[in-house]
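Below: the structure, in structure tokens.
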Amino acid sequence: MSGQNWAERPGGGSAAASGSSAGAGELLRCQESYACSGSEAAFECDECGSLQCVLCDRELHTQARLRDHERSRLQPGHIPYCDQCSSNPGPGPSPRHRATSRCLSCKVNLCTECQRRSHSSRRKHPLSSYPQLRPAEQGEAQSQQLDKRLSQTVSSFLLVDEKEQIQVADEEEFIQKLDCKADENLKVVSVFGNTGDGKSHTLNHTFFYGREVFKTSPAQESCTVGVWAAYDPVHHVVVIDTEGLLGATVNLSQRTRLLLKVLAISDIVIYRTHADRLHNDLFKFLGDASEAYLKHFTKELKATTARCGLDVPLSTLGPSVIIFHETVHTKLLGSDRPSEIPEKLLQERFRKLDRFPEAFCSIQYKGTRTYNPPTDFSGVLRMIEQQLTNNTTRSPRPPAIIFKALKALSERFNGEIADDQMAHSCFFPDEYFTCSCTCLSCG
């Protein structure tokens, strides 16, 4: 990228006139100039390796091959990356360093090492210094680079197909596909939501720094069929992507039952919605899922613990639910009622619909209003990290136990479901979890 990200101060004074330190009034300019002529930078794209204005960011990242790039909004006092370190854009084996100075003649940002290597003999080139990061900030930046490198080799795999058939032979293959240690204690995070609301995109940006670990697509058809899984080595969790609700499918009943099996083995469920307002379907789904979980799954989870001789008891209390609500044109839940927390407003909605989500450990709300893309996933990530450290009701467990629980539930609740037997007023009717055969003698 061009490295042209220095701007004169308002009034015509240049950086060179300000001495050796970069002042707070200096602007960072767009390094792409893809759709502008050097406008003020608003984002930094780690994979493009450049600073970008709002217009260039939008024009570049609507392209299919660039859509999942991880971008961050520039904050006051932002220090750009070294231009010579980032000559090969995107994460790589060598960490990229933040610039410590800028050569005003070459118009490039330089870290300490690149400055020593390329500018030690150029004494006449004026340099302007950036404010130095504090040791804590340097450690945080280095830790983030290490985390990104850990995620580079992660890939997802099909765990259960749309016919509820597990695609992994046994726990050994499950551990091998996850690429984790057999004795490592893990939690499970899954995502639910309607087709097209960005579930896969959310997981990619929340856990994997924007890498397309889970496939995304701009097409009308759902690109996630069945249940896919991947291992996040940074947070030590199994991340599960599910097929969207309300999407076209051959067997709606089997897909819905499969979602509840995923919910049963999850510790945290993200319900992703992109609707301007929270629809009743969301509350009905969670309420019906809670009722079905308590009625059919708690007993089966206890039986699985005894039958399989598991060392770690499976929690019969359901997962924590985080409703991740992104809006564009409307206010977030509770923004016009600051005296009441959003979770209280959620409970009011459940009561009005006569739904009682008692099975879940907790139901939390995290909203973000996106005036200009990209979406800010930092808030929902912090909420997830807080839940991951809470082991009071759901403890981490070895991957083999996670697989055994899923397998036991799949063996217990399976088979075709006749549509004419369905109670369509409920998301999870009893027919999903009971035998469809009728005894000819006793009826």
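The values are calculated or read from the model by the stated rules, or taken from the named source; none is laboratory data. From a predicted model like this one, the values you see are computed outputs, not experimental measurements. Cβ placement follows ideal geometry from the backbone for every residue including glycine, while neighbour counts extend to all protein chains displayed.
Data table
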{"quantity": "Of all residues making up the stretch 350-368, the number that are surrounded by 15 or more Cβ atoms within 10 Å (Cβ to Cβ) and outside any loop (DSSP other than H, G, I, E, B)", "calculated": "8"}
{"quantity": "Sole residue being of a type in the set (S, T, N, Q), modelled with pLDDT under 95 and closer than 19 Å to T393 by Cβ, chosen from S290, S253", "calculated": "S290"}
{"quantity": "Hits in the stretch 49-61 - residues which are under 23 Å from T216 (Cα atoms) and crowded, with 24+ Cβ neighbours inside 10 Å", "calculated": "C56, D57"}
{"quantity": "Index of the failed condition, P135 passing every other in (1) under 28 Å from D147 (Cα atoms); (2) modelled with pLDDT under 80; (3) in contact with a helix residue (DSSP H, G or I) (Cβ under 9 Å, 6 or more places away or on another chain)", "calculated": "(3)"}
{"quantity": "When residues of the stretch 194-250 are limited to those that are among the charged types (D, E, K, R) and at pLDDT 85 or above, the one nearest to E164 (Cα to Cα)", "calculated": "E243"}
{"quantity": "Scan of the stretch 272-308 for residues that are in contact with a helix residue (DSSP H, G or I) (Cβ under 6 Å, 6 or more places away or on another chain) and surrounded by fewer than 18 Cβ atoms within 10 Å (Cβ to Cβ), ordered by number", "calculated": "C308"}
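Each row is one residue, and each column tells you yes or no for (1) of a type in the set (F, W, Y); (2) at pLDDT 95 or above.
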position: L301; (1), (2): no, no
position: C308; (1), (2): no, no
position: S315; (1), (2): no, no
position: T330; (1), (2): no, no
position: F356; (1), (2): yes, no
position: K366; (1), (2): no, yes
position: N372; (1), (2): no, no
